[in-house]
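**Student:** Please find one structure pasted underneath; my questions will follow.
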Amino acid sequence: MKLNQSNIKKAKNYLDKDYCIGIPTETVYGLAGNAYSNIAVKNIFKLKNRPRNNPLIVHYLDINMLKRDCVINDSFKKLYKKFSPGPITYILKLKNNSRISKYATNNNDCLAIRFPKHKIFKNLLKKLKYPLAAPSANISTKLSSVQASDVKEEFGSKIKYVLDGGKCAIGLESTIINLNGKPSVLRLGGLDISKIKAILKKKINININPHKKVSPGQSKLHYSPGIPLRINIKKARKDEAFLLIKKKKIASNNHYYLSKKNNLDEAAKNLYSCLRKIKNKGYRSIAVEKISNKGIGKAINDRLHRASKY
Ligand code: TXA
Ligand code: MG
(Lines give C-alpha, C1' and ligand atoms only; values in the text may rest on other atoms or scores of the structure.)
(Ligands and ions follow the chains in the order given, each with its own letter.)
Protein backbone atom coordinates (compact mmCIF):
# COMPACT_ATOMS: atom_id res chain seq x y z
CA MET A 1 0.00 0.00 0.00
CA LYS A 2 1.47 3.36 -1.10
CA LEU A 3 1.98 6.26 1.27
CA ASN A 4 -0.53 8.97 0.52
CA GLN A 5 0.54 12.16 2.29
CA SER A 6 -2.82 13.86 1.94
CA ASN A 7 -4.51 10.95 3.78
CA ILE A 8 -1.88 11.07 6.50
CA LYS A 9 -2.43 14.81 6.85
CA LYS A 10 -6.16 14.22 7.13
CA ALA A 11 -5.57 11.63 9.86
CA LYS A 12 -3.31 14.05 11.74
CA ASN A 13 -5.92 16.80 11.57
CA TYR A 14 -8.57 14.58 13.15
CA LEU A 15 -6.20 13.29 15.84
CA ASP A 16 -4.99 16.82 16.70
CA LYS A 17 -8.65 17.71 17.35
CA ASP A 18 -9.10 14.74 19.74
CA TYR A 19 -11.12 12.60 17.34
CA CYS A 20 -10.62 8.82 17.18
CA ILE A 21 -9.84 7.24 13.82
CA GLY A 22 -9.07 3.81 12.39
CA ILE A 23 -5.43 3.16 11.52
CA PRO A 24 -3.59 0.19 10.03
CA THR A 25 -0.88 -1.73 11.88
CA GLU A 26 0.93 -4.89 10.78
CA THR A 27 -1.09 -6.93 13.33
CA VAL A 28 -4.68 -5.62 13.25
CA TYR A 29 -6.29 -2.20 12.73
CA GLY A 30 -6.33 0.11 15.75
CA LEU A 31 -8.91 2.63 16.95
CA ALA A 32 -6.49 5.46 17.66
CA GLY A 33 -6.56 8.64 19.69
CA ASN A 34 -4.10 11.04 21.35
CA ALA A 35 -2.79 9.14 24.41
CA TYR A 36 -2.15 12.43 26.25
CA SER A 37 -5.76 13.58 25.84
CA ASN A 38 -8.45 12.56 28.33
CA ILE A 39 -11.13 13.44 25.79
CA ALA A 40 -9.70 11.23 23.04
CA VAL A 41 -8.97 8.30 25.38
CA LYS A 42 -12.39 8.40 27.03
CA ASN A 43 -13.95 8.38 23.60
CA ILE A 44 -12.03 5.23 22.61
CA PHE A 45 -13.63 3.38 25.55
CA LYS A 46 -17.07 4.70 24.66
CA LEU A 47 -16.84 3.80 20.97
CA LYS A 48 -15.65 0.26 21.70
CA ASN A 49 -18.07 -0.21 24.60
CA ARG A 50 -14.95 -1.28 26.49
CA PRO A 51 -14.95 -1.65 30.29
CA ARG A 52 -13.02 1.22 31.89
CA ASN A 53 -10.78 -1.22 33.77
CA ASN A 54 -9.30 -2.69 30.56
CA PRO A 55 -6.21 -0.55 29.84
CA LEU A 56 -5.06 0.47 26.35
CA ILE A 57 -1.85 -0.08 24.40
CA VAL A 58 0.01 3.12 23.56
CA HIS A 59 1.99 3.25 20.30
CA TYR A 60 5.31 5.07 19.94
CA LEU A 61 7.61 5.72 17.00
CA ASP A 62 10.78 4.70 18.85
CA ILE A 63 12.55 4.40 22.21
CA ASN A 64 13.41 8.12 22.29
CA MET A 65 9.77 9.07 22.14
CA LEU A 66 9.01 6.48 24.84
CA LYS A 67 11.58 7.76 27.34
CA ARG A 68 9.38 10.72 28.24
CA ASP A 69 6.71 8.44 29.68
CA CYS A 70 8.21 5.09 30.78
CA VAL A 71 11.06 3.67 32.81
CA ILE A 72 13.36 1.59 30.59
CA ASN A 73 14.87 -1.69 31.87
CA ASP A 74 17.48 -4.14 30.51
CA SER A 75 15.08 -6.86 29.33
CA PHE A 76 13.15 -4.21 27.45
CA LYS A 77 16.30 -2.88 25.77
CA LYS A 78 17.29 -6.36 24.56
CA LEU A 79 13.85 -7.18 23.18
CA TYR A 80 13.38 -3.73 21.66
CA LYS A 81 16.64 -4.03 19.75
CA LYS A 82 15.66 -7.36 18.29
CA PHE A 83 11.90 -7.17 17.74
CA SER A 84 10.71 -3.58 17.53
CA PRO A 85 9.14 -2.24 15.48
CA GLY A 86 6.99 -5.35 15.30
CA PRO A 87 4.23 -7.47 16.85
CA ILE A 88 5.31 -7.30 20.50
CA THR A 89 3.79 -5.21 23.31
CA TYR A 90 5.72 -4.49 26.51
CA ILE A 91 4.30 -3.61 29.92
CA LEU A 92 6.58 -1.08 31.60
CA LYS A 93 6.47 1.24 34.63
CA LEU A 94 5.20 4.73 33.98
CA LYS A 95 7.35 7.69 35.01
CA ASN A 96 5.83 9.94 37.68
CA ASN A 97 5.76 12.87 35.29
CA SER A 98 4.35 10.93 32.34
CA ARG A 99 1.67 12.74 30.33
CA ILE A 100 -0.33 9.60 29.47
CA SER A 101 -4.04 10.04 30.22
CA LYS A 102 -4.93 8.25 33.45
CA TYR A 103 -7.95 6.77 31.65
CA ALA A 104 -5.62 4.83 29.32
CA THR A 105 -4.11 2.91 32.24
CA ASN A 106 -7.14 2.88 34.54
CA ASN A 107 -5.01 4.93 36.95
CA ASN A 108 -2.41 2.18 37.14
CA ASP A 109 1.36 2.81 37.26
CA CYS A 110 2.09 0.44 34.36
CA LEU A 111 1.64 1.04 30.66
CA ALA A 112 1.37 -1.33 27.68
CA ILE A 113 3.44 0.04 24.81
CA ARG A 114 4.18 -1.00 21.26
CA PHE A 115 6.17 0.17 18.24
CA PRO A 116 4.16 -0.57 15.11
CA LYS A 117 5.93 -1.56 11.91
CA HIS A 118 3.31 -0.52 9.34
CA LYS A 119 4.85 2.23 7.24
CA ILE A 120 1.69 4.36 7.18
CA PHE A 121 1.43 4.27 10.98
CA LYS A 122 5.13 5.11 11.36
CA ASN A 123 4.84 7.98 8.95
CA LEU A 124 1.86 9.33 10.87
CA LEU A 125 3.64 9.03 14.25
CA LYS A 126 6.58 11.04 12.89
CA LYS A 127 4.23 13.96 12.36
CA LEU A 128 2.54 13.86 15.78
CA LYS A 129 3.60 15.45 19.07
CA TYR A 130 2.00 12.67 21.10
CA PRO A 131 1.85 8.84 21.10
CA LEU A 132 -1.32 7.04 20.03
CA ALA A 133 -3.49 4.94 22.29
CA ALA A 134 -4.94 2.27 20.01
CA PRO A 135 -6.79 -0.85 21.04
CA SER A 136 -7.95 -3.17 18.28
CA ALA A 137 -10.62 -1.49 16.14
CA ASN A 138 -13.64 -3.59 17.09
CA ILE A 139 -16.56 -3.46 19.48
CA SER A 140 -15.48 -5.10 22.75
CA THR A 141 -15.40 -8.97 22.64
CA LYS A 142 -15.95 -9.01 18.85
CA LEU A 143 -13.60 -9.84 15.96
CA SER A 144 -10.65 -7.52 15.40
CA SER A 145 -10.44 -5.66 12.10
CA VAL A 146 -7.81 -6.58 9.53
CA GLN A 147 -8.84 -4.23 6.72
CA ALA A 148 -10.33 -0.74 6.46
CA SER A 149 -13.77 -2.09 5.48
CA ASP A 150 -13.91 -4.14 8.73
CA VAL A 151 -13.37 -0.98 10.77
CA LYS A 152 -16.21 0.72 8.88
CA GLU A 153 -18.41 -2.31 9.54
CA GLU A 154 -17.67 -2.08 13.28
CA PHE A 155 -18.11 1.66 13.82
CA GLY A 156 -19.96 3.03 10.76
CA SER A 157 -20.43 6.79 10.93
CA LYS A 158 -19.47 6.91 14.62
CA ILE A 159 -15.87 7.52 13.60
CA LYS A 160 -14.76 10.27 11.25
CA TYR A 161 -12.07 8.50 9.30
CA VAL A 162 -10.26 5.25 8.58
CA LEU A 163 -6.75 5.44 7.19
CA ASP A 164 -6.59 2.64 4.63
CA GLY A 165 -3.36 0.64 4.76
CA GLY A 166 -4.53 -2.52 2.98
CA LYS A 167 -4.88 -5.90 4.64
CA CYS A 168 -2.78 -6.44 7.79
CA ALA A 169 0.31 -8.57 7.11
CA ILE A 170 0.10 -10.63 10.33
CA GLY A 171 -3.62 -10.62 11.07
CA LEU A 172 -3.43 -11.44 14.81
CA GLU A 173 -2.75 -9.07 17.69
CA SER A 174 0.71 -8.55 19.18
CA THR A 175 2.27 -10.82 21.80
CA ILE A 176 2.14 -9.08 25.21
CA ILE A 177 4.97 -9.43 27.72
CA ASN A 178 4.99 -7.93 31.20
CA LEU A 179 8.52 -6.74 32.01
CA ASN A 180 7.90 -5.65 35.58
CA GLY A 181 9.65 -8.23 37.71
CA LYS A 182 9.92 -11.68 36.17
CA PRO A 183 9.02 -11.54 32.46
CA SER A 184 5.60 -12.99 31.89
CA VAL A 185 3.60 -13.42 28.70
CA LEU A 186 0.02 -12.13 29.02
CA ARG A 187 -1.18 -12.77 25.47
CA LEU A 188 0.04 -15.05 22.69
CA GLY A 189 0.28 -13.22 19.39
CA GLY A 190 2.22 -12.30 16.29
CA LEU A 191 5.66 -12.96 17.79
CA ASP A 192 6.49 -16.54 18.80
CA ILE A 193 7.53 -16.72 22.46
CA SER A 194 10.37 -19.14 21.72
CA LYS A 195 12.05 -16.20 19.94
CA ILE A 196 11.61 -14.02 23.04
CA LYS A 197 13.06 -16.76 25.27
CA ALA A 198 16.11 -17.05 23.00
CA ILE A 199 16.89 -13.36 23.53
CA LEU A 200 16.15 -13.06 27.25
CA LYS A 201 17.88 -16.38 27.97
CA LYS A 202 15.69 -16.96 30.99
CA LYS A 203 12.47 -18.66 31.91
CA ILE A 204 9.33 -16.76 31.01
CA ASN A 205 6.05 -17.29 32.81
CA ILE A 206 3.04 -17.85 30.60
CA ASN A 207 0.08 -16.20 32.22
CA ILE A 208 -2.65 -16.34 29.60
CA ASN A 209 -5.15 -18.32 31.63
CA PRO A 210 -8.53 -16.61 32.04
CA HIS A 211 -9.09 -17.78 35.60
CA LYS A 212 -5.73 -16.38 36.73
CA LYS A 213 -6.42 -13.19 34.89
CA VAL A 214 -3.88 -10.35 35.04
CA SER A 215 -5.12 -8.41 32.07
CA PRO A 216 -8.82 -8.02 31.26
CA GLY A 217 -8.08 -8.95 27.64
CA GLN A 218 -7.49 -12.47 28.86
CA SER A 219 -11.20 -12.80 29.55
CA LYS A 220 -12.76 -15.98 28.27
CA LEU A 221 -15.06 -14.67 25.56
CA HIS A 222 -13.13 -12.60 23.08
CA TYR A 223 -12.44 -12.42 19.35
CA SER A 224 -15.98 -13.67 18.75
CA PRO A 225 -17.72 -13.59 15.38
CA GLY A 226 -21.00 -13.34 17.33
CA ILE A 227 -22.22 -16.86 16.48
CA PRO A 228 -21.35 -20.21 18.09
CA LEU A 229 -18.02 -21.66 17.04
CA ARG A 230 -16.83 -25.25 17.60
CA ILE A 231 -13.17 -26.21 17.43
CA ASN A 232 -11.18 -29.37 16.53
CA ILE A 233 -13.99 -30.67 14.31
CA LYS A 234 -13.46 -33.54 11.86
CA LYS A 235 -16.79 -33.35 10.08
CA ALA A 236 -19.07 -30.31 10.03
CA ARG A 237 -22.85 -30.34 9.84
CA LYS A 238 -24.31 -29.35 6.46
CA ASP A 239 -25.98 -26.25 7.89
CA GLU A 240 -22.84 -24.77 9.44
CA ALA A 241 -19.78 -23.21 7.85
CA PHE A 242 -16.67 -25.40 7.93
CA LEU A 243 -13.38 -23.52 8.31
CA LEU A 244 -10.41 -25.56 7.11
CA ILE A 245 -6.67 -25.02 7.20
CA LYS A 246 -6.14 -26.04 3.54
CA LYS A 247 -8.14 -26.76 0.37
CA LYS A 248 -9.93 -30.10 0.35
CA LYS A 249 -10.09 -32.10 -2.87
CA ILE A 250 -13.85 -32.41 -2.64
CA ALA A 251 -15.04 -28.86 -2.11
CA SER A 252 -18.42 -27.95 -0.75
CA ASN A 253 -20.35 -24.67 -0.62
CA ASN A 254 -19.98 -24.38 3.13
CA HIS A 255 -16.19 -24.86 3.10
CA TYR A 256 -13.90 -21.88 3.82
CA TYR A 257 -10.12 -22.05 3.67
CA LEU A 258 -7.57 -20.27 5.85
CA SER A 259 -4.68 -21.20 3.60
CA LYS A 260 -4.02 -22.72 0.20
CA LYS A 261 -1.25 -24.99 1.42
CA ASN A 262 -1.60 -25.54 5.16
CA ASN A 263 0.58 -22.51 5.89
CA LEU A 264 0.06 -21.18 9.43
CA ASP A 265 1.22 -17.61 8.73
CA GLU A 266 -1.24 -17.38 5.85
CA ALA A 267 -3.93 -18.89 8.09
CA ALA A 268 -3.30 -16.25 10.79
CA LYS A 269 -3.53 -13.50 8.20
CA ASN A 270 -6.89 -14.81 6.96
CA LEU A 271 -8.45 -15.92 10.24
CA TYR A 272 -10.48 -12.85 11.25
CA SER A 273 -11.53 -11.97 7.71
CA CYS A 274 -12.74 -15.55 7.07
CA LEU A 275 -14.74 -15.56 10.31
CA ARG A 276 -16.22 -12.16 9.44
CA LYS A 277 -17.11 -13.35 5.94
CA ILE A 278 -18.86 -16.45 7.31
CA LYS A 279 -20.84 -14.41 9.82
CA ASN A 280 -21.90 -11.96 7.09
CA LYS A 281 -23.07 -14.82 4.84
CA GLY A 282 -25.71 -15.51 7.47
CA TYR A 283 -24.44 -18.81 8.90
CA ARG A 284 -25.69 -19.54 12.40
CA SER A 285 -22.60 -21.50 13.50
CA ILE A 286 -19.03 -22.32 12.55
CA ALA A 287 -17.05 -25.54 12.85
CA VAL A 288 -13.27 -25.28 12.67
CA GLU A 289 -10.86 -28.05 11.74
CA LYS A 290 -8.04 -28.90 14.14
CA ILE A 291 -5.12 -26.54 13.62
CA SER A 292 -1.52 -27.45 14.37
CA ASN A 293 -0.33 -25.93 17.64
CA LYS A 294 3.10 -24.86 16.36
CA GLY A 295 4.53 -21.33 16.01
CA ILE A 296 1.75 -18.85 15.29
CA GLY A 297 -0.67 -21.82 15.36
CA LYS A 298 -0.61 -21.40 19.16
CA ALA A 299 -1.96 -17.86 18.87
CA ILE A 300 -4.56 -18.98 16.29
CA ASN A 301 -5.74 -21.72 18.67
CA ASP A 302 -5.82 -19.27 21.59
CA ARG A 303 -8.17 -16.96 19.63
CA LEU A 304 -10.36 -19.83 18.41
CA HIS A 305 -10.60 -21.25 21.91
CA ARG A 306 -11.80 -17.91 23.32
CA ALA A 307 -14.20 -17.39 20.38
CA SER A 308 -15.68 -20.85 21.12
CA LYS A 309 -16.91 -19.63 24.53
CA TYR A 310 -19.79 -17.82 22.85
O1 TXA B 1 -1.57 -5.86 17.94
C2 TXA B 1 -2.04 -5.21 18.86
O3 TXA B 1 -1.60 -5.27 20.02
C4 TXA B 1 -3.24 -4.29 18.54
C5 TXA B 1 -2.75 -3.19 17.60
C6 TXA B 1 -3.82 -2.17 17.27
O7 TXA B 1 -1.63 -2.57 18.16
N8 TXA B 1 -3.80 -3.75 19.73
C9 TXA B 1 -4.55 -4.50 20.59
O10 TXA B 1 -5.08 -3.78 21.65
O11 TXA B 1 -4.73 -5.69 20.45
P12 TXA B 1 -6.23 -4.33 22.60
O13 TXA B 1 -6.62 -3.18 23.44
O14 TXA B 1 -7.28 -4.95 21.78
O15 TXA B 1 -5.53 -5.37 23.49
C16 TXA B 1 -4.64 -4.92 24.49
C17 TXA B 1 -4.51 -5.88 25.60
C18 TXA B 1 -5.78 -6.00 26.42
O19 TXA B 1 -5.99 -7.37 26.62
C20 TXA B 1 -5.43 -5.31 27.72
O21 TXA B 1 -6.10 -5.88 28.80
C22 TXA B 1 -3.93 -5.55 27.80
O23 TXA B 1 -3.50 -5.43 26.47
N24 TXA B 1 -3.25 -4.52 28.60
C25 TXA B 1 -3.15 -3.20 28.33
N26 TXA B 1 -2.48 -2.55 29.29
C27 TXA B 1 -2.15 -3.48 30.21
C28 TXA B 1 -1.46 -3.43 31.47
N29 TXA B 1 -0.96 -2.31 31.95
N30 TXA B 1 -1.31 -4.60 32.14
C31 TXA B 1 -1.80 -5.75 31.65
N32 TXA B 1 -2.47 -5.86 30.47
C33 TXA B 1 -2.65 -4.74 29.77
MG1 MG C 1 -8.70 -6.22 21.26
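The values are calculated or read from the model by the stated rules, or taken from the named source; none is laboratory data. Remember, predicted model here, so these are calculated numbers, not experimental data. Backbone-built Cβ (ideal geometry, glycine too); neighbour counts: all protein chains shown. With ligands, DNA and RNA removed, areas are computed over all heavy atoms of the protein, side chains included. Shrake-Rupley method; radii C 1.70, N 1.55, O 1.52, S 1.80 Å.
**Student:** Answer yes or no: is there a residue in region 89-108 that is buried (at least 20 other Cβ atoms within 10 Å of the Cβ), under 21 Å from residue 143 (Cα atoms) and modelled with pLDDT of 95 or more.
**Tutor:** Checked region 89-108: at least one residue is buried (at least 20 other Cβ atoms within 10 Å of the Cβ), under 21 Å from residue 143 (Cα atoms) and modelled with pLDDT of 95 or more.
**Student:** Quick one: which helices (runs of 4 or more DSSP H) lie wholly within region 52-168 and hold at least 2 residues that are hydroxyl-bearing (Ser, Thr, Tyr) and either touching a strand residue (DSSP E or B) at 6+ places or on another chain (Cβ under 8 Å) or under 30 Å from residue 280 (Cβ atoms) (or both)?
**Tutor:** none
**Student:** Restricting attention to region 171-185, report how many residues are in contact (Cβ under 8 Å) with a residue 12 or more places away in the chain and either surrounded by fewer than 21 Cβ atoms within 10 Å (Cβ to Cβ) or farther than 20 Å from residue 118 by Cβ (or both).
**Tutor:** Looking only at that region, the number is 8.
**Student:** State the number of residues belonging to region 159-170 that are in contact with a helix residue (DSSP H, G or I) (Cβ under 6 Å, 6 or more places away or on another chain) and surrounded by fewer than 20 Cβ atoms within 10 Å (Cβ to Cβ).
**Tutor:** 3
**Student:** How many residues does region 186-207 hold that are within 11 Å of ligand 1 (Cβ to nearest atom) and either crowded, with 21+ Cβ neighbours inside 10 Å or outside any loop (DSSP other than H, G, I, E, B) (or both)?
**Tutor:** So the answer is 5.
**Student:** Kindly indicate the residue of region 114-146 that is open to solvent by 20 Å² or more (accessible area, probe 1.4 Å) and within 16 Å of ligand 2 (Cβ to nearest atom) and also nearest to residue 190 (Cα to Cα) among those meeting that condition.
**Tutor:** Result: 136.
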